[in-house]
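Enquirer: Have a look at this one.
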Amino acid sequence: MKNMRRFYSIPYFFWLLFFVIAPVILIVYQSFFDMNGNFTLTNYHTYLTSKTYLMMTVNSVLFAFLITLMTLLISYPTAYFLSKLKHRQLLLLLVVLPTWINLLLKAYAFIGIFSANGSVNDFLSFIGIGQKQLLFTDFSFMFVAAYIELPFMIMPIFNALEEINPTLISASRDLGANNFDTFRRVIFPLSLNGVKSGVQAVFIPSLSLFMLTRLIGGNRVITLGTAIEEHFLVTQNWGMGSTIGVILIVAMFIVMMLTGEKRKGGRVK
């Protein structure tokens, strides 16, 4: 049985080696070379001393935080409401369905919705408010990013809520706790692992967004993902692009450590 498990795990380890570990090693390796192919630490020195890159990093973290917060505030009530419904699996499928649509198509759809002649501005004109500049703003960028990331926050929270033993909720109410106290002391703490998983699934990709910054943000929103794209595709400074990629990888590991499940005495806390 053990030999069979090892045999079936071979494709996974090959996938992990060639498509996860090898690309990371190549990025780290490339980050130590300049545009002329010379070994140097200048890329890291430039990143750590450049006001532009540091501000870009702050902007990336800030936007990722706001997108994650917006997504969480929408997703938790949605997941909680879905977990109470009879046909929740069907409704959950409707939540997941948008992830089947290509990201580029969704971005172009929102360009049409938020444009000067789009449906949102038509509605604002109809109710007497008048047309507003919605596209190419920070709000439109965060709104579209949050919409795209919603399923990835709802799913883990929903699964965590589904795993809660109903007898614990019944016991809380039998002991005199009202609905709010039951939620605060029982439901929410037991669903925190789902919240942490959702934060990982949203915050980490939000750090490196670049396509939405162009199509929806109109290049007003500059993130580390945008800088990586510029260095690899425009300036051809692969070393600097790889350096920023390494910074992003380190940031992702930090987020995973902060939001991961803590183990104490062999048990998950």
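The values are calculated or read from the model by the stated rules, or taken from the named source; none is laboratory data. Remember, it's a predicted structure, so these values are computed and weren't measured experimentally. Glycine gets a Cβ as well: all are built from the backbone with ideal geometry, and neighbour counts include every protein chain shown. In case anyone asks, the SASA skips ligands and DNA or RNA and just uses the protein heavy atoms, side chains included. Shrake-Rupley method; radii C 1.70, N 1.55, O 1.52, S 1.80 Å.
Enquirer: Return, ordered by residue number, the residues of the range 174-209 whose backbone nitrogen is under 17 Å from a label point located 7 Å along Cα→Cβ of residue 80.
Expert: 177-196, 198-199
Enquirer: Multiplying the sequence separation of residue 51 and residue 235 by 0.36 nm and subtracting their Cα-Cα distance, what value in nm do you get?
Expert: Gain on extension, residue 51 to residue 235, equals 64.3 nm.
Enquirer: Now for a separate question. Contact order normalised by length for the chain, with contacts defined as Cα pairs under 8 Å and 6 or more residues apart; what percent is it?
Expert: On the way: 293 pairs, mean separation 71.2, N = 269.
Computed value for the chain: 26 percent relative contact order.
Enquirer: Expressed as a whole percent, how much of the Cα-Cα distance distribution for the range 34-88 exceeds 20 Å? All intermediate terms of the calculation are to be shown ahead of the outcome.
Expert: Values: 849 of 1485 pairs.
Summing the P(r) of the range 34-88 above 20 Å gives 57 percent of all pairs.
Enquirer: In whole Hz, with x marking every Gly and Pro, tabulate ³J(HN,Hα) for the range 117-127 from phi via Karplus 6.51 cos²θ - 1.76 cosθ + 1.60, θ = phi - 60°.
Expert: 9, x, 5, 5, 5, 4, 5, 5, 5, 5, 8
Enquirer: What number comes out for accessible area per residue over the chain if the probe is 1.4 Å? Units Å², please. Walk me through the intermediate numbers first.
Expert: On the way: 16720 Å² over 269 residues.
Averaged over the residues of the chain, the accessible area is 62 Å².
Enquirer: Mind checking which aspartates and glutamates have their Cα closer than 20 Å to the Cα of residue 84? Skip sequence neighbours fewer than 8 apart in that chain.
Expert: The qualifying aspartates and glutamates are 162, 163, 174, 181.
Enquirer: Then there is this: What part of the accessible area of the chain, given as a whole %, is carbon or sulfur when the probe is 1.4 angstrom?
Expert: Carbon and sulfur atoms account for 69 percent of the accessible area of the chain.
Enquirer: Between 78, 259, 46, where does the largest GNM mean-square fluctuation fall for the chain, given springs only between Cα atoms within less than 10 Å?
Expert: Judging by the Gaussian network model, the answer is 46.
Enquirer: How big is the gap, in Å, between the Cα center of the range 86-128 and the Cα center of the range 20-63?
Expert: 36
Enquirer: Let me test this: with uniform point scatterers at the alpha carbons of the chain, what is the Debye-based log₁₀ I(q)/I(0) at q = 0.17 1/Å?
Expert: -1.35
Enquirer: Please check: in the Gaussian network model of the chain (C-alpha springs, under 10 Å), which one of 23, 151, 77 has the largest mean-square fluctuation.
Expert: 23
Enquirer: Compactness ratio of the range 58-101: Cα Rg over 2.2 N^0.38 Å, N = residue count? Display every interim value, and only then the final one.
Expert: Working: Rg = 13.7 Å, N = 44, 2.2 N^0.38 = 9.3 Å.
That ratio works out to 1.48.
Enquirer: Near the amide H of residue 33, under 5 Å away, which other amide H atoms are found, from residues 5 or more places off or on another chain, if H is placed in the peptide plane?
Expert: It is 40, by chain and number.
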